[in-house]
Amino acid sequence: MRGLLRFYQEIIKLSDTVTWKFDFHKALALDCIVLSQFFYSDHFWSDEHCSAIAYKILNQLLNFFQCKNISELFFGGDNVNKAFTKLFPNGVLKLLLEEFVSIFNKNSWKNYPSYKDTFSWILFNVKAPQMSDYVVYFLPPALFILDDWELENKVYGIKALQHLMENLVR
């Protein structure tokens, strides 16, 4: 994680001289978001030190793009910087979800235990009225997690569905 933080800090330093139109920069930003959540969760593959670094990476990304919060990162905003607007004219959420659902599907989700936490973090950071635009990405994972035989996953799926229903525009 330290190496990733140093690498990302160097990218940030170079950001004034780098043209932010390449897919590499989009992928780097999206990967930093996913990795920050991967290591921020409380599991055997992470510890307090990794969580602190993951938090720093996410905060540096927010600061670099001048996003006040996760909502601005997800959906964009009036105060974000030009680099963010060029890379993500409508925020990162749609690109993040498109990438995410290509890996996190009914047949593979158990192979990626951290992705359930990442899915949860993304889901619970999306509220009404934006939820209705992204329900197509959130509903299938919530249903296949609910359909699992493990009680923990069933409860998790119910919580995800409840959040979806509470945040859909009526």
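The values are calculated or read from the model by the stated rules, or taken from the named source; none is laboratory data. Since we're looking at a predicted model, the values are computed, not measured. When we count neighbours, we look across all protein chains shown, and the Cβ atoms used for this are built from the backbone with ideal geometry, even at glycine. SASA here: full protein model, heavy atoms, side chains in, ligands and nucleic acids out. Shrake-Rupley method; radii C 1.70, N 1.55, O 1.52, S 1.80 Å.
Just need a number here: residues in the stretch 70-94 that are in a helix (DSSP H, G or I), open to solvent by less than 50 Å² (accessible area, probe 1.4 Å) and over 26 Å from L146 (Cβ atoms).
Result for the stretch 70-94: 6.
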Extreme residue, farthest from Q130 (Cα to Cα), among residues of the stretch 58-69 that are open to solvent by 40 Å² or more (accessible area, probe 1.4 Å) and part of a loop (DSSP other than H, G, I, E, B): Q66
Taking the condition of being of a type in the set (D, E, K, R) and in contact with a Lys or Arg (Cβ under 8 Å, 6 or more places away or on another chain), how many residues in the stretch 148-162 meet it? 1
